[in-house]
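Report on the structure given below.
A short reminder: the numbers here are calculations on the coordinates, not readings from a lab. Every value quoted in this text rests on a predicted model; they were computed, and no experiment measured them. Note that we place each Cβ from the backbone using ideal geometry, even for glycine, and neighbour counts take in every protein chain shown.
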Amino acid sequence: MRLDSKAERLPAGRRVMLIDDDREILELLAEWLGSRGYEVRTLGDGARAVEEARAFQPHVVVLDGVLRKTTGFAVADGLRAAGIDCRIVFLSGLPRADLPAEDWVLEKPVDLHLLEATLRRAIEGREAPQTESAIQRR
């Protein structure tokens, strides 16, 4: 996948935490989002998610629905219980119906431009739509 080096840059301070047990996905997304002006932190599992989120203070956490030792649901619940103020975007192979209705959901494999559109809307504080096509129409 080719990264677009002429990307529109965001204002400084748009922090995204990526949590996925697939190292290749983490590296690709971190490089692409970094090239688009996001500050990115990656985690290979959810064990330290709350601790890292407290330190990093992400605007958005992009989270796989299924991780090696836990689930994305458990990580999202832990972030909320700890009072971490961020939006959650699930990036998962699970069907939309199996993921929390209040969160943003994108299916793997994800279109990078759709991911960016989702991040922009989540950072702006918009409510999560119920389908990917609703994201594309907004």
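General remarks:
- Among A81, L99, A30 - extreme Cα towards positive end, dipole of segment 18-137, charges at beta-carbon: A81
- Antiparallel DSSP beta bridges within segment 18-103, as percent of all bridges there, nearest 5: 10
- Cut-off 15 Å between beta-carbons: net charge of the residues surrounding D20, Lys and Arg +1, Asp and Glu -1: -3
- Length added when fully stretched, E39-A81, from 0.36 nm per residue minus Cα-Cα: 12.7 nm
- Rounded is the label for segment 18-138. Its Cα gyration tensor axes, ordered a ≥ b ≥ c, give a/c under 1.5.
- Residues whose placed amide H lies under 5 Å from that of V62, excluding near-sequence neighbours: M17, L18, I19, V89
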